[in-house]
Structure formats: structure tokens, C-alpha cells
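Comments concern the structure below.
The values are calculated or read from the model by the stated rules, or taken from the named source; none is laboratory data. Fair warning: this is a prediction, and the values are worked out from it, not measured in the lab. Because the Cβ atoms are built from the backbone with ideal geometry, glycine has one as well, and the counts that use them run over all protein chains shown. For the accessible areas, the whole protein counts, side chains as well, though only heavy atoms, and no ligand, DNA or RNA atoms are used. Shrake-Rupley method; radii C 1.70, N 1.55, O 1.52, S 1.80 Å.
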Amino acid sequence: MRAYTLRMANGPTVSWRAIECWGSGLCLFLQTGAFFPLILADPDGALSGHARSILRLLYLPVYGFTLLMLVRYFSQFLTALKRNWFVPLMVAMPFVSVFWSVGPSTTFRRAIGLLFTVLLAYVLAIRFTPRQLLLIAFATFGACISLSLLIFVVSPGLARMPMDGAVRGIFIHKNSLGWYASMMILVSTAVIMDGHQGLRRTALISLIAGGACLVASGSMTAIIATVSAYCLIGFYSVLQRIRGIGRIVFILFFVQMSFGLLLLLHEYLVPFLEALGKDATLTGRVPLWELVDGQIADHLLLGFGYQAFWTEANPEAWIIWSKIQWMAPHAHSGFRDTLLNFGISGMILFALMLLQALRQGAVLQCRDPHYGWLWLNVFTVVILVMNLTETIFLIQNDAIFILFISGIIMFSLYEPVVSTAPGLSLSASARSKTAELQIS
């Protein structure tokens with residue numbers, strides 16, 4: 001790799017690699033929705049139209065950095081596009097859905113935001129190794145959790161939800177704090193397992209801080225995601241050690257166990273919550289899902305257009321809002337929202353992209369486990385779990401979704417090389433011991 005430096009008159013020398021690393025980290029932080037929305041929010045936690053306009057301006061530097069990186073590394077970008085056609089096709093779906101959308105202008109505007117979101121994911125995938133991306137995620141999530149704890153100490157009232165007093169940190173909602181706390185726990189564990197001697201103590205402290213924020217947020221989705229992450233760490237760790245027919249049997253057993261658990265939750269979760277005196281509607285999600293399923297069935301083939309359903313101009317959304325007595329911003333299910341956006345046509349394309357990514361990620365973990373693929377595999381599946389009760393799929397300007405798509409692109413970039421050139425895998429594994437972010 002060629003080294004680039006930027007020399008300022010009578011000033012220090014800044015390497016181009018440092019700009020890439022710091023720029024990517026800052027872009028990810030801006031896409032977390034942390035701090036700035038909290039400062040601009042109304043006392044009740046809502047964002048006005050003026051506040052949203054200001055927040056959109058914060059995305060302009062991110063878009064500029066993304067375009068600069070893609071122009072500079074255009075050939076690598078084209079390679080990434082050719083290795084996985086599902087991602088560009090999935091990005092094209094929102095623009096195509098403008099033609100049948102119930103809100104064409106909204107769909108087109110948000111499709112542009114999704115385009116730049118995915119382009120940033122391409123930048124991360126082509127410029128960093130899995131281990132380097134882990135360190136960037138570790139720094140980004142660590143900043144969110146550290147600032148959340150700090151603001152709780154400095155201004156406890158601001159760090160709590162206005163209605164129920166739950167801790168939200170530097171986010172406008174407690175669930176967001178829970179999500180990033182869960183991600184902090186995952187990446188901290190990955191850093192500890194990965195053998196970064198200089199970061200183990202920091203990772204352990206971050207792990208504890210993430211756990212504290214997770215408990216304080218009270219987000220059940222984040223708690224379930226965290227438990228799932230540790231189960232998946234065990235699964236992928238065992239998977240790489242098994243060979244031959246035993247690996248197939250182990251995968252089938254794990255998949256059957258997962259489906260069995262989902263069926264048990266479907267049948268007995270509500271009675272279990274009622275027995276404990278908890279909200280059996282999952283904070284209003286169950287009645288919401290029943291109404292959303294009816295709308296999906298009415299527009300099964302193509303859906304309502306990308307992010308056009310949950311808008312005030314859509315009468316079907318008002319029907320649901322009037323019945324559940326609250327204005328749900330989305331279906332609280334990424335799979336259902338994908339069906340609302342694109343119908344079964346888009347869902348099939350999205351499912352094919354996911355299945356390919358899961359297969360490629362598992363291949364990389366088994367054939368080149370020392371290159372840092374464990375955390376990306378676990379992260380990808382955890383996002384699938386989170387989307388059972390929250391919507392993260394295909395959300396524009398969202399750091400978690402950016403890392404999710406970055407992982408999918410990385411899998412498709414590396415898997416063909418590792419599969420066809422086993423010898424290259426060994427050299428990559430050897431290099432991985434020193435694959436660290438070089439910032440000078």
C-alpha cells in the first residue's frame with residue numbers, strides 16, 4: 001500500500017491513512033444519532049421540522065467524505081460492486097419503488113439518503129480489514145457509551161427519558177442507548193478475544209460500561225441481542241473446529257434449535273409475560289403487528305414504496321395509528337417494514353442477499369478464522385435478531401446498518417479469494433496479527 005502524507009506549511013505532517021481512519025470514525029459517530037438530536041430535541045423528546053433540517057446538514061460532511069474516498073479508490077469500488085450484485089440491486093429498489101409509492105417525493109428523498117449510507121459502507125469495506133473495522137467500531141461505540149455515562153453524571157435530567165425516567169444517555173430514546181450498549185458489549189468481547197494486548201484493559205472497562213448502560217436503558221430487544229451474541233460467539237467458535245459431515249450436522253442442529261426457540265416464544269411468550277405481570281403486548285407491538293400484517297397482505301407484490309407507509313400523507317397509516325392510539329414511526333420489525341416497502345418481490349431479493357452473506361461469512365470464519373471474521377459474523381446475525389422487534393434494515397444515515405452492510409460487502413470481497421486460493425488464506429492469517437490501525 002502506498003503511503004500518502006499531507007504537509008502543511010510550517011506544520012505537522014498528516015498521513016492520508018490517518019485521514020481515512022479518523023474520517024471514517026467521525027462519519028460513523030455522526031450516523032449514530034447521538035448527542036446532536038438530543039440537544040436539538042424539544043422538552044418532550046420530539047424533533048421539530050427545523051431541528052430535522054439542521055440535522056440533515058450534519059450529513060453533508062459525511063456525504064462529501066464518502067464521495068472523496070470513492071473517487072480516490074474507484075477501481076476497488078467497482079470490484080466490490082462486481083463481487084456482490086445483490087447490494088446494488090437492493091439499493092436500486094427504493095428508486096424503482098418511486099413509480100408505485102404512495103408518497104413518491106418522500107420515497108425519492110429517502111432513497112438518496114440510503115444510497116449515500118450504503119456508499120459509506122462500501123468505503124469501510126474496501127479500505128479496512130475486519131480487524132481494523134472492529135477497532136473503528138470499538139472507538140465509535142465507546143465514545144457513545146462514555147459520553148452517555150458522562151452526561152448522566154453531569155446532567156441526570158437530560159440523560160433520562162422525559163416520560164418514564166428511563167436512561168437514554170446522549171440519545172433521544174432509551175432503545176437507542178440499549179442498542180449501542182449491546183453493540184459495545186459485542187465489540188469489547190471481540191477485542192478481548194482477538195488478543196489486542198494494549199486494548200484488553202480498555203475493552204474490559206468498556207464491556208462493564210456497556211453492561212451498565214444496557215441495564216439502565218431497560219431495552220429488552222438489546223438484552224435479547226446481547227444474549228444472542230454470546231450464543232453466536234460459541235456457535236462460530238465451535239463451527240471452525242469441526243470438519244466434514246460433523247460441521248453440517250452441527251449447523252442443522254443449531255438452525256433447528258433456533259427455529260424451535262422461535263416457535264416456543266411465539267406460543268408461550270405472551271402467557272409467560274402475563275404470569276410475570278409484564279406487558280404482554282411487547283409495548284404495543286403485538287396489536288401493531290396484527291394490523292401491519294393486514295396491510296402487507298393487501299399490497300403483497302410490491303408494497304407501498306420505500307419508507308412511504310409511515311407518513312402522514314398515507315391514509316392506511318392513520319387507520320393503524322387510530323386503532324393503536326399512538327403514532328408508530330415504523331412497524332417495529334425490520335422484516336415487516338421491508339415487506340411494506342417493497343412487498344414480496346423486494347423481500348425475496350433481500351433474503352437472497354442475507355443467505356449469501358451468511359454462507360460467505362461462515363466460510364471465511366472456517367477457512368481463515370485468525371483474520372478477524374468472528375465478530376462480523378456474530379454482528380450480522382445479531383442484527384437479524386434485533387430486527388424481529390425493531391427496524392434497522394434499510395435505514396438511511398444509521399451507523400448500525402452501515403456496519404451491517406459493510407460486513408455483507410466484506411464477505412463477498414474476501415470469500416472468493418479465500419475459497420479459490422487456500423494458500424492466500426495462510427498469508428492473510430499471518431498478516432492479521434499486525435493488522436492494526438496505523439494512525440500517525
Report in % the part of the accessible area of the chain that belongs to carbon and sulfur, leaving out ligands and nucleic acids; probe 1.4 Å.
-> 70
Give, in nm to one decimal, the length gained when the segment between L55 and L352 is fully stretched (0.36 nm per residue of separation minus the Cα-Cα distance).
-> 103.5 nm
With T = 25 °C, eta = 0.890 mPa s and Kirkwood Rh from C-alpha pairs, the Stokes-Einstein D of region 175-269 in µm²/s is about 164
Taking springs between alpha-carbon atoms closer than 10 angstrom, which of S53, S206, S412 fluctuates most in the Gaussian network model of the chain?
-> S53
Length gained when the stretch T79-I39 is fully extended (0.36 nm per residue, less Cα-Cα span) = 10.3 nm
Among V191, V381, what's the order by accessible area (1.4 angstrom probe), most exposed first?
-> V381, V191
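Evaluate E = 1/(1 + (r/R0)^6) for I19 and L158, where r is the Cβ-Cβ distance and R0 equals 35 Å; express this FRET efficiency to the nearest 0.05.
That gives a FRET efficiency of 0.60.
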Debye intensity ratio in log₁₀ form over the Cα atoms of region 107-165, taken at each q of 0.14, 0.25, 0.26, 0.28 Å⁻¹ = -0.69, -0.91, -0.94, -1.03
Express the accessible area of the chain per residue in Å², computed with a 1.4 Å probe while the remaining protein chains stay in the model.
-> 47
Between R160 and residues 5 or more places away or on another chain, the pairs with built amide H atoms under 5 Å apart involve R168
Scanning the chain for helices, which whole DSSP H stretches are 27 Å or more long along the axis (Cα) and average 0.0 or more by Kyte-Doolittle?
-> 49-72, 104-127, 130-154, 174-194, 220-239, 245-275, 334-367, 399-420
Difference of contour (0.36 nm per residue) and Cα-Cα distance, S258 to S48 | 71.4 nm
Taking 7 Å along the Cα-to-C-beta vector as the label spot, tell me the L68-K323 distance in nanometres, rounded to one decimal.
-> 5.0
With every protein chain in place, the accessible area of D42 for a 1.4 Å probe, in Å² rounded to the nearest 10, comes to 60
Mind checking region 111-179 for chymotrypsin sites (Phe, Trp or Tyr not before Pro) that DSSP puts in a loop (not H, G, I, E or B) and that have at most 13 other Cβ atoms within 10 Å?
-> none
Interatomic Cα distance distribution for the chain, bins of 20 angstrom, percent = 23, 60, 16, 0
Rounded to whole angstrom, the alpha-carbon centroid of region 19-40 lies from that of region 231-247 at a distance of 36
